[in-house]
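Here's the structure we're looking at; comments come further down.
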């Protein structure tokens, strides 16, 4: 029984050691995207065309808005923007949109998705927590696996 449990814990440490850097890299890339949009982006008003509510496997909700706006060359640009649950509930009441436009920032000439500026949860505030968590998971995974490997190898004859 203890051998089975030790094997499962060892695999948990391996998953933490390998998954931590992956989650950290993806979070860092998102932080860089948000920082670039904040630094180089142009403010605009986007018309909300519609939205999608998706329910995940464990009941998590995510909202995507379809928006259109005039870019710096007076051309129409269209994109989907992910918004947080809190912000979506300020936009939607009884299944209908209560606002026609939302403020966004976008970087002209790139394929970066725009950023809804009124949504603080999608502007990198949560990313710092995920980055810290992924670093901690990596450290715990590496040291936990090494400890189990070193101390688990000692056998008495």
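Key figures
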{"item": "Single match in 135, 102 (criterion: assigned to a helix (DSSP H, G or I), touching a helix residue (DSSP H, G or I) at 6+ places or on another chain (Cβ under 8 Å) and modelled with pLDDT of 90 or more)", "result": "135"}
{"item": "Among the residues listed as 152, 95, 56, the single one being exposed (fewer than 12 other Cβ atoms within 10 Å of the Cβ), modelled with pLDDT under 90 and closer than 30 Å to residue 11 by Cα", "result": "56"}
{"item": "Of all residues in segment 62-79 being out of contact with any helix residue (DSSP H, G or I) (no Cβ under 6 Å at 6 or more places or on another chain) and surrounded by 14 or more Cβ atoms within 10 Å (Cβ to Cβ), the one that is modelled with the lowest pLDDT", "result": "62"}
{"item": "Failed item, numbered, when residue 26 is tested on (1) modelled with pLDDT under 90; (2) surrounded by 11 or more Cβ atoms within 10 Å (Cβ to Cβ); (3) assigned to a helix (DSSP H, G or I)", "result": "(1)"}
{"item": "Matching residues, segment 75-99, being under 14 Å from residue 45 (Cβ atoms) and either without any contact (Cβ under 8 Å) to a residue 24 or more places away in the chain or part of a loop (DSSP other than H, G, I, E, B) (or both)", "result": "76, 99"}
{"item": "Conditions (1) more than 23 Å from residue 19 (Cβ to Cβ); (2) touching a residue at least 24 places away in the same chain (Cβ under 8 Å); (3) part of a strand (DSSP E or B): number failed by residue 112", "result": "(3)"}
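The values are calculated or read from the model by the stated rules, or taken from the named source; none is laboratory data. Computed from a predicted structure; not experimentally measured. Please note: Cβ atoms are built from the backbone with ideal geometry, for glycine as well, and neighbour counts cover all protein chains shown.
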